[in-house]
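Data block below; observations after.
The values are calculated or read from the model by the stated rules, or taken from the named source; none is laboratory data. As the structure is a computational prediction, the values presented were derived from the model and not from experiment. Using ideal geometry, Cβ is built from the backbone for each residue, glycine included, and neighbour counts are taken over all protein chains shown. The protein model used for the area step is the full one, side chains on, heavy atoms only, and it has no ligands, DNA or RNA in it. Shrake-Rupley method; radii C 1.70, N 1.55, O 1.52, S 1.80 Å.
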Amino acid sequence: MTKAKKITLAVAAVVIIALMVVAGVTKGENIAGSAWSLFPPIVAIGLALITKEVYSSLFIGVLSGALLHSNFSFTGTMDTLIGDGLIGAVEGNAGIFIFLVELGIIVALVNHAGAAEAFGRWAEKHIKTKVGAMLATFALGVLIFIDDYFNCLTVGSVMSPITDSKKISRAKLAYLIDATAAPVCMIAPISSWAAAVSSNVTPDVAGDMTGLELFVRAIPFNFYSLLTLVFVISIAFMGFDYGKMAGVEFKAQNGDLGIIGAKDTEEKETSRGSVLDILIPIIVLIVACVLALMYVGGFFDAEGDYYRDFVGAFGNTDATVGLPWGGLVSLVIIIAYLICRRHLSFDGAMKAIPQGFVAMVPAILILTFANALKNTTSLLGSDDFVNSIMENASGFAAFLPAVIFVVACFIAFATGTSWGTFGILIPIVLSVFTAEDPLLFVGISACLAGAVCGDHCSPISDTTIMASAGAQCNHIEHVSTQLPYAITVAAISFVMYIFSGFVPNAWIALPVGIVLTVATLFVIKMITKKKSA
């Protein structure tokens, strides 16, 4: 960190402490469920964007939340910081941490076996253009729709040799990963996200509809997710970038791809790796993870009659258990496969284990701090504050979907969680609209779309962190370069939710949204051309 950034961080810390002292005058009772409940994440996000340093920014955010919750008691602050914050974050995400390490090890194994290098050579022959590389990355991201974590890390490790060869920056790769992670999972009925949404729907407020049925019927109105996919395809074919992304792409054309993290400088044990040696591990990983998710969901349980169907199993699964379960099985199979192919020795395979762990340490640290921040924010009653806002906005039904979208964006951006956001908002939306109201599906989709949008923009979002880790790029650079793109789609989505409030017909609204997205990009392209001329 430069001296200027250190000074900025110090000044920001002093300002934060001063504000916390002022807040302390309220003696705690006015903080819970008030606007102060969102103060810690706003602090963390603001510091991260100012200093470009995420670890200290997140920690200060967690500390500010602990101070508010404990009313500035030293012991209470430490109990909240350590117990509810950090330990709670590790306990709640231990399975995801294990899965991250397993994926890191698999990537290290594939690299040592020379498979990634072989895949890069194959890609250079078959994918001739930059547009082709972007579309191939997009297609793989869409195909891996089961889970966003799985998507981020798998797509990043597979496609980075291809995008590197076409001089696509790692920040652009991170955007492509992020744009096909949560947005795709949010419109896939068979995914961990669909299961999470369904779990927040109860029959007493949804009428005869199941949670999954409500999720599926809301998909055509999920403008942010659907229009993000349109945006990615359009900008790939148009061949231009804008905002900070244009700057990093210009650097990439001159050889600076923005890769961070330790490069594998050790000599490969073999140069006989082939494309097959990367395809088989990926297929094994996908199959093992899908079967594990089904198993955890009760698909193979003879006593669980309801969960013996495929969709029902996914509605009952737990990704924090199923993904590490499948990851471990696939890791053992992949090690055995590469040894049998004589691409790795047993000692070489064992050396890849600590290397894979080390590669994932930054992502694990950021996830720990980010989830600790979410825990302390929840302790301050952020859900009650949001509930009060929505109750005050319920007087104008036609504009309510747009309001829900904005509120969901703000909550997800401030807390860094989509699941937490729609966990808060879905019960509120279901209480505002009846099961017979045509705006119910628009309102639910606005909630889900806003949650994805805020999550997409937030520097403390776990999916955003995973996209940075998968692309091996600077996390803050990823956030700052994709923000103009995400905001563009968000603005279009906001307009479409106003439109859908008056015309709740997906067959009309969605085509209008697609045309508006493409037209907006044409206008932006013309503006950027004039500026560069």
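What's the FRET efficiency of LEU279 with GLN253 using the Cβ-Cβ distance as r and R₀ = 30 Å, to the nearest 0.05? After rounding, the FRET efficiency stands at 0.50. Spatially, segment 147-186 and segment 64-115 are offset by 23 Å when compared through their Cα centroids. Largest to smallest in accessible area, the residues PHE39, PHE223, PHE237 fall in the order PHE237, PHE39, PHE223 (1.4 Å probe, all protein chains included). Separation of the alpha carbons by more than 28 angstrom is noted, of LYS125/LYS351; LYS166/LYS530; LYS128/LYS351; LYS167/LYS525, for LYS125/LYS351; LYS128/LYS351. For segment 408-533, the C-alpha radius of gyration divided by 2.2 N^0.38 Å, with N the number of residues, is 1.21. I'd like the FRET efficiency for ARG121 and ILE82, computed as 1/(1 + (r/R0)^6) with the beta carbon distance as r and R0 of 56 Å, rounded to 0.05. FRET efficiency, ARG121 to ILE82: 0.65. Packing-based ranking of 247-259, 457-469, 127-139 yields 457-469, 127-139, 247-259, ordered from highest to lowest mean Cβ neighbour count within 10 Å. Put simply, segment 417-476 fits an ellipsoid with semi-axes of 31, 9, 7 Å; these come from the alpha carbon gyration tensor as the roots of five times its eigenvalues, largest first. In order along segment 520-527, the Karplus-derived 3J(HN,Hα) couplings, from 6.51 cos²θ - 1.76 cosθ + 1.60 at θ = phi - 60°, round to 4, 5, 4, 5, 4, 4, 5, 5 Hz, and Gly and Pro are given as x. Expressed as a whole percent, the accessible surface of segment 71-141 that belongs to carbon and sulfur atoms is 66, based on a 1.4 Å probe. Taking GLU436, GLU213 and ordering them by how much accessible surface each has at a 1.4 Å probe, largest first, produces GLU436, GLU213. Carbon-plus-sulfur accessible fraction, segment 468-533 (probe radius 1.4 Å, protein heavy atoms only): 76%.
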